[in-house]
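Asks: The structure follows.
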Amino acid sequence: MQNSYEEILQLEFIFQKLMINTNNSEYFPGFSHKGNILKLFSKPNNHFMMLLRNDILISFEPKSENAENFKNWLLLHKAMDVKN
């Protein structure tokens, strides 16, 4: 039983570290485009619509618990929120 608890703690630590490093990375986990090619985005609910710098429209729906982190990642990479 103790091994399982220790494994859970290790996984939580790794997850937290990934979330901290997510904002600094070129790619967001599960999203196949680099941050520097994004131009605009809109976020109705947890579904993101984005316009790439080459004028291609794409969409992405992160897990609901990652939606705010994804939005922050987009802003960090200078993608403009069309809502603002």
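Asks: Do we have Lys78 as open to solvent by less than 60 Å² (accessible area, probe 1.4 Å) and of a type in the set (D, E, K, R) here?
Replies: When the stated conditions are applied, Lys78 does not pass them.
Asks: Let me ask something else. Residue by residue through the stretch 35-62, note down the ones that are without any contact (Cβ under 8 Å) to a residue 24 or more places away in the chain and under 12 Å from the mean Cα position of the chain (by Cα).
Replies: The answer is Asn46, His47, Glu61.
Asks: Taking the stretch 25-50 on its own, how many of its residues are modelled with pLDDT under 95 and within 12 Å of Lys83 (Cβ to Cβ)?
Replies: Result for the stretch 25-50: 2.
Asks: For the stretch 62-75, which residues satisfy the criterion of being surrounded by 15 or more Cβ atoms within 10 Å (Cβ to Cβ) and of a type outside the set (A, V, I, L, M)?
Replies: Pro62, Asn66, Asn69, Phe70, Lys71, Trp73
Asks: Can you report the number of residues in the stretch 56-77 which are in a loop (DSSP other than H, G, I, E, B) and closer than 14 Å to His33 by Cα?
Replies: 4
The values are calculated or read from the model by the stated rules, or taken from the named source; none is laboratory data. Here the structure is a predicted model, which means the values were calculated and not measured. Glycine gets a Cβ as well: all are built from the backbone with ideal geometry, and neighbour counts include every protein chain shown. The area values use the complete protein model at the heavy-atom level, side chains included, leaving out ligands, DNA and RNA. Shrake-Rupley method; radii C 1.70, N 1.55, O 1.52, S 1.80 Å.
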